[in-house]
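Note sheet for the following structure.
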Ligand code: NDP
């Protein structure tokens, strides 16, 4: 990191010393920006501003459980940067949620949204509410209470949240219903909505599909493909499920999936029938991945709920797609993948690989796609949902998938060409950070850095 970037980074550390995930995300971006500031010194003040959220909203979320007892959670919305469009980014419901995690996610979102080429600023929000083990009625009461405060801070031209960990179609539906009641209007204020009330086809599939499209582009630069490849995937939620589906479409063989209790290893491959079992298990029955091992008689390994204690990355795989959560793969685990002959890693989750893991991949010449590029298909398709809502029409499945694929191919090209232009060919981390930054920086500067 050069001196001027280091000065900004030190100010971030000093100002918010208790936000390690945010520091990690900022450091990774500032590491890439030195050469940009050398060429464009007028952007130095932009960097000072870009690390500070435009607005941080924190609020109380009281709700009654099925016993009639009051529970109080914390709700947040980070409006990080609105220079290129309305704030856009998901809502996460998970007990680990705090300002550090949401600021890291919102910061990443700024660059990711810029990379999609669509007019979307960056934001993120959520709550430390844990949907696991809650009844349907409890989840509904929580979502309604959450929206009773959030609604005054969002809007179709202001801030358009979507889902993330713990927030899927069910939660979006409950929140949309409450927003509609409070605001007394029907607008595209949330994305990831059900098809019956303004959702977009392919939105549920988009992050997973997009990650695989990006990985396919990356592999093709080395004349490789998914055909016949063994693919290790972590997570078993939205992103993991549809990444696995697209891997199957392209002739690959997914061999692992996980949840916060453990992972399964199925060397015969998770075929379409087995994947349908996982989707039903996770989306309808809300069960644990262990039940897959019981159903299909394969290995199951219990893990600690904290990331980095996985063991999943020790399996033999040609390609790895971490699709669960941040910092789920450390340097040692990355080395295990390298030793087992892995050639490419694409992040479906946000920041799943630690800086040591990324360093290891670069050192050993693996293809590595950072989440802000490879998982941008989700937010890009949310952008397409916003367009369809504004136009009051619905595009076909084929139309949305075609646009998603085109956007992923463009993001790959943009990241790859920018890396080359700045003398770091093959470094998608630098390419994505610089390309994402340039458009936001130009807009911030033009608007007077307010
Ligand atoms: P889901 O809630 O649908 O699934 C998350 C999966 O990861 C579950 O299998 C969950 O297990 C597991 N997981 C969550 N936290 C942990 C943890 N601390 N340790 C181990 N496993 C964990 O979320 P998504 O699939 O939507 O999101 C996954 C990742 O992708 C996140 O990083 C998210 O930010 C990112 N992402 C998502 C997008 C989207 O469109 N949904 C868009 C772009 C990025 P369990 O069921 O036990 O909790």
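As for the stretch 400-422, it holds at least one residue that is more than 16 Å from residue 118 (Cβ to Cβ) and not in a helix (DSSP H, G or I). Figure legend. Inter-residue proximity from the stretch 131-144: first residues within 13 Å of residue 72 (Cα to Cα), second residues outside any loop (DSSP other than H, G, I, E, B), beta-carbon distance below 6 Å, spacing 6+ or different chains. Indicated pairs: 141/63; 142/63; 143/171; 143/174; 143/175.
Total residues in the stretch 252-272 satisfying the condition of being free of Cβ contacts under 8 Å to residues at least 40 places away in the same chain, within 11 Å of residue 300 (Cβ to Cβ) and over 22 Å from the mean Cα position of the chain (by Cα): the figure is 2. Among the residues of the stretch 195-214 satisfying the criterion of being away from the ligand (no atom under 15 Å from the Cβ) and not in a loop (DSSP other than H, G, I, E, B), which is farthest from residue 89 (Cα to Cα)? Across the stretch 195-214, the extreme among qualifying residues is 196.
The combined condition, being at pLDDT below 95 and surrounded by fewer than 18 Cβ atoms within 10 Å (Cβ to Cβ), is not fulfilled by residue 68. Of the residues making up the stretch 224-231, one or more are surrounded by 24 or more Cβ atoms within 10 Å (Cβ to Cβ) and more than 14 Å from the ligand (Cβ to nearest atom). The single residue among 192, 166, 177 that is closer than 26 Å to residue 67 by Cβ and within 16 Å of the ligand (Cβ to nearest atom) turns out to be 166.
Which residue out of 217, 245 is surrounded by fewer than 24 Cβ atoms within 10 Å (Cβ to Cβ), within 14 Å of the ligand (Cβ to nearest atom) and within 25 Å of residue 202 (Cα to Cα)?
On the way: 217 fails: within 14 Å of the ligand (Cβ to nearest atom).
Residue meeting the stated conditions: 245.
Going through (1) touching a residue at least 60 places away in the same chain (Cβ under 8 Å); (2) assigned to a helix (DSSP H, G or I); (3) more than 10 Å from the ligand (Cβ to nearest atom) one by one, residue 294 falls short only on (1). Might you let me know whether the stretch 404-411 holds any residue that is within 16 Å of the ligand (Cβ to nearest atom), within 23 Å of residue 324 (Cα to Cα), touching a strand residue (DSSP E or B) at 6+ places or on another chain (Cβ under 6 Å) and at pLDDT 95 or above? The answer is no; no qualifying residue exists.
Remark: residue 426 matches the filter, which requires a residue to be in contact with a helix residue (DSSP H, G or I) (Cβ under 7 Å, 6 or more places away or on another chain), within 22 Å of residue 438 (Cα to Cα) and not in a helix (DSSP H, G or I). Taking the condition within 22 Å of residue 211 (Cβ to Cβ), modelled with pLDDT of 95 or more, surrounded by fewer than 19 Cβ atoms within 10 Å (Cβ to Cβ) and touching a strand residue (DSSP E or B) at 6+ places or on another chain (Cβ under 6 Å), does residue 252 pass? In short, no.
The values are calculated or read from the model by the stated rules, or taken from the named source; none is laboratory data. All figures in this text were calculated on a predicted structure; none of them were measured in a lab. Don't worry about glycine lacking a Cβ; one is built from the backbone with ideal geometry, like all the others, and counts go over all protein chains shown.
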